[in-house]
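The values are calculated or read from the model by the stated rules, or taken from the named source; none is laboratory data. Model, not experiment: these values are computed from the prediction. Virtual Cβ from ideal backbone geometry, glycine too; neighbours counted across all protein chains shown. Note: accessible area is taken over every heavy atom of the protein model, side chains too, but ligands, DNA and RNA are not part of it. Shrake-Rupley method; radii C 1.70, N 1.55, O 1.52, S 1.80 Å.
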Amino acid sequence: ALARAVGPTGRLVTYEIRPDFAEEARRNVALYEGETPWWTIKLRDATTGLDEKDADRIVIDVPDVASVLPAAAAAARDG
């Protein structure tokens, strides 16, 4: 749904800590959305920081949201 919402003129970056979850995400996106060159998946723990800066939006889907908030705040655009 996020890849569809962002669309080909945007950029979507997702983080997965588990390789099997990352592979499942790749399969699902390919199956339901096809080619999505605007989407990048990174195999990394988001609590250790995000590579992106000035992100317009950040969606957090983890059991312990508070553990990702510092990294998300550092990656988000001011305002």
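Is segment 24-47 home to any residue that is open to solvent by less than 80 Å² (accessible area, probe 1.4 Å), part of a strand (DSSP E or B), without any contact (Cβ under 8 Å) to a residue 40 or more places away in the chain and touching a helix residue (DSSP H, G or I) at 6+ places or on another chain (Cβ under 7 Å)?
Scanning segment 24-47, I find at least one residue that is open to solvent by less than 80 Å² (accessible area, probe 1.4 Å), part of a strand (DSSP E or B), without any contact (Cβ under 8 Å) to a residue 40 or more places away in the chain and touching a helix residue (DSSP H, G or I) at 6+ places or on another chain (Cβ under 7 Å), so the answer is yes.
Out of segment 61-79, which residues are open to solvent by 50 Å² or more (accessible area, probe 1.4 Å) and either touching a Ser or Thr at 6+ places or on another chain (Cβ under 6 Å) or under 25 Å from G7 (Cα atoms) (or both)?
Scanning segment 61-79 gives D61, V62, A73, A74, R77, D78, G79.
Confirm whether V59 is touching a residue at least 40 places away in the same chain (Cβ under 8 Å) and either in a strand (DSSP E or B) or not aromatic (F, W, Y) (or both).
Answer is yes for this residue.
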